[in-house]
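The values are calculated or read from the model by the stated rules, or taken from the named source; none is laboratory data. Not measured: the values here are computed from a predicted model. Quick reminder, even Gly has a Cβ in these numbers, built from the backbone with ideal geometry, and neighbours come from all protein chains shown.
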Amino acid sequence: MAQHLAALALVVRDYDEAIAWYTGVLGFTLTEDRDMGGGKRWVTVTPPGSDGARLLLARAATGSQADRVGDQTGGRVFLFLHTDDFARDFEAYRARGVRFVEEPRHEAYGSVVVFEDLYGNRWDLIQPR
């Protein structure tokens, strides 16, 4: 049997602002934007060069979901973005205004820095050793 994660849902305030940030700031590719009716859309983005899981940008539809925007994991790092060039991506993100919550560090497993997306969700940018 073969399985893989196809998508991870990220609750967002607004489809278009999320698309603009993930594509314009992080350089992700908009892979799908399909109208599902009733104001709902199926929107996915992927990092450049990725053939792995997609990030599903899911607009909050209830008050409870809206309360979770930016805090889906209680302040822990939520997503781990691997790169083949840490310095390149760190500098590009910094130039585009990404908020880093620490200075880059070099660990046994690779170079890493924590950043926040437009909603405050925490990500690790990692170049594995």
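Looking for whichever is modelled with pLDDT under 95 and under 15 Å from the mean Cα position of the chain (by Cα) here; the options are F28, F78. Which one fits?
So the residue among F28, F78 that is modelled with pLDDT under 95 and under 15 Å from the mean Cα position of the chain (by Cα) is F78.
Would you be able to tell me the number of residues in region 82-113 that are buried (at least 17 other Cβ atoms within 10 Å of the Cβ) and closer than 16 Å to Y22 by Cα? Break it down into steps so the answer makes sense when it comes.
Of the residues in region 82-113, the ones buried (at least 17 other Cβ atoms within 10 Å of the Cβ) are 83, 86, 89-90, 93, 98, 111-113.
From what's left, closer than 16 Å to Y22 by Cα: 83, 89-90, 93, 98.
Residues flagged as buried (at least 17 other Cβ atoms within 10 Å of the Cβ) and closer than 16 Å to Y22 by Cα within region 82-113 amount to 5.
Suppose the filter is farther than 26 Å from E91 by Cβ and under 15 Å from the mean Cα position of the chain (by Cα); does R41 pass it?
On the way: farther than 26 Å from E91 by Cβ: yes; under 15 Å from the mean Cα position of the chain (by Cα): no.
Answer is no for this residue.
Let's see how each residue does on (1) without any contact (Cβ under 8 Å) to a residue 40 or more places away in the chain; (2) within 26 Å of F100 (Cβ to Cβ); (3) in contact with a helix residue (DSSP H, G or I) (Cβ under 8 Å, 6 or more places away or on another chain):
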| residue | (1), (2), (3) |
| --- | --- |
| V12 | no, yes, yes |
| P48 | yes, yes, no |
| R59 | no, no, yes |
| L79 | no, yes, no |
| H82 | no, yes, no |
| A87 | yes, yes, no |
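Kindly evaluate R122 against the criterion of being over 25 Å from L8 (Cα atoms) and either β-branched (V, I, T) or touching a strand residue (DSSP E or B) at 6+ places or on another chain (Cβ under 8 Å) (or both). Working first, answer last.
Values: over 25 Å from L8 (Cα atoms): no; either β-branched (V, I, T) or touching a strand residue (DSSP E or B) at 6+ places or on another chain (Cβ under 8 Å) (or both): yes.
Here the answer is no, as R122 does not meet what is asked.
Which residue pairs have Cβ atoms under 6 Å apart, sit 6 or more places apart or on different chains, and have a first residue in region 103-129 that is assigned by TED's automatic domain parsing to the domain that holds Y93 and of a type in the set (A, V, I, L, M, F, W, C) and a second that is part of a loop (DSSP other than H, G, I, E, B) and loosely packed, with under 11 Cβ neighbours inside 10 Å?
Hits for this filter: V114/E102.
For region 33-51, how many residues meet the condition of being surrounded by fewer than 14 Cβ atoms within 10 Å (Cβ to Cβ) and of a type outside the set (A, V, I, L, M, F, W, C)?
Residues that pass the stated criteria total 9.
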